[in-house]
1. In the neighborhood of residue 30, defined by Cβ-to-Cβ distances under 13 Å, what is the net charge if each Lys or Arg adds +1 and each Asp or Glu adds -1?
2. Want the number for residue 55 to residue 76: 0.36 nm per residue separation, take away the alpha-carbon distance, what's left?
Amino acid sequence: MTAVSKEESTSPSRQLQFFLYLTDPNHSITHSTVSQVIPAEWLDIWDEYDWVEDLVVETLRVSVEIVAEQYLASRMNWSKKKEAPQATQPIEKSEKATEETA
């Protein structure tokens, strides 16, 4: 087990996040998200290790999926459908009789 000096544990680490912003002016829709945090030091070792690129790409992919799902839900009005309960209309006797004979 290695001892961690006080200077190492209190020094702030640099971090990297991506901000994604999607706008659809034709439908007045905007969505945004912030990716998970990745260590900024990974940019220094980008060319040395393939896994760094894979993890950064995965971070961006998940963020794009989140914005895409939000946009799709907005375009399909899913949030409005949940807010407004569907009203049921009573069937009149003449309609009911027609449905039974059919």
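None of the figures in this text is laboratory data; all of them are computed from the coordinates on show. Please read these numbers as outputs of a predicted model, since none were measured by experiment. Cβ sites come from the backbone with ideal geometry, for glycine too, and all protein chains shown count toward neighbours.
1. On the way: positive: 75; negative: 24.
My count for the surroundings of residue 30 gives 0.
2. Details: separation 21, 0.36 × 21 = 7.56 nm, distance 3.16 nm.
Residue separation times 0.36 nm, minus the Cα-Cα distance, leaves 4.4 nm.
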